[in-house]
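Okay, so here's the structure we're looking at.
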Amino acid sequence: MSEERRRQLNTLLDELWGRDGACTTVVPFPRPMKRGAKVRRGPCAEILRFPAQLSGDELDCQYSWLRNNCSKWENDEVEGPEEKVEEPSEACRLLMVQMRQKFGWAEPTEAVKRQRVADWRKLIEKRNSVKDWLESLGADLDSFGKLNPAEQALFFVFDRMCVRKSPFIA
């Protein structure tokens, strides 16, 4: 792989994951060797090292924080706090266990938690892009009421998109 292509790959990975979270070392496999009469030719495979997956306490922190905050309109943050979010009370925890048993749900595994964290982050990023679009239309998001700002944003867009004409007088 040429040095220019390697630089482009590193730049792309840094843009996707940021300089802090990405480990973008590209490690090429050894070149093909000549084995007897057979010569192996073709592109060499390369290993790209991606950021480590969330696990353990860090996964639990992100999962519980995003579970509580992903549906809130006013939330713009994709990353939660590093410290553990308050644990539910013992009665609440037992109620959740009984509810899972009643409906036949299993305790979410780490893989399921990782998938949900990724989905919730995409949801927040999509909502942030919608907010940016609304601001480009001239909406003042701070002026929306506290009861249902998402609904008010929707009506704002309808008002902006509809062509207002004076009524036809016969």
Taking Arg114 as meeting all but one of (1) closer than 22 Å to Asp57 by Cα; (2) exposed (fewer than 13 other Cβ atoms within 10 Å of the Cβ); (3) within 23 Å of the chain's Cα centre (by Cα), write down the number of the exception.
-> (2)
Go through (1) acidic (Asp, Glu); (2) within 16 Å of the chain's Cα centre (by Cα); (3) outside any helix (DSSP H, G or I) one by one and return the number of the condition Glu125 breaks.
-> (3)
Are any residues in the range 37-50 in a loop (DSSP other than H, G, I, E, B) and at pLDDT below 65, and if so, which ones?
-> Ala37, Arg40, Arg41, Gly42, Pro43, Cys44, Ala45
Of all the residues that make up the range 70-102, how many are part of a loop (DSSP other than H, G, I, E, B) and β-branched (Val, Ile, Thr)?
-> 2
The lone condition Glu77 fails out of (1) at pLDDT 80 or above; (2) touching a Pro at 6+ places or on another chain (Cβ under 8 Å) is (2)
Quickly run through the range 61-72 and pick out the residues that are over 11 Å from Arg114 (Cβ atoms) and either surrounded by 15 or more Cβ atoms within 10 Å (Cβ to Cβ) or among the hydrophobic types (A, V, I, L, M, F, W, C) (or both).
-> Cys61, Ser64, Trp65, Leu66, Arg67, Asn69, Cys70
Return yes when Trp105 is modelled with pLDDT of 85 or more and outside any helix (DSSP H, G or I) and no when it is not.
-> yes
Determine which single condition Arg67 fails, assuming it passes every other condition in (1) outside any loop (DSSP other than H, G, I, E, B); (2) within 30 Å of Leu141 (Cβ to Cβ); (3) modelled with pLDDT under 80.
-> (3)
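The values are calculated or read from the model by the stated rules, or taken from the named source; none is laboratory data. All figures in this text were calculated on a predicted structure; none of them were measured in a lab. Note: ideal-geometry Cβ built from the backbone for every residue, glycine included; neighbour counts use all protein chains shown.
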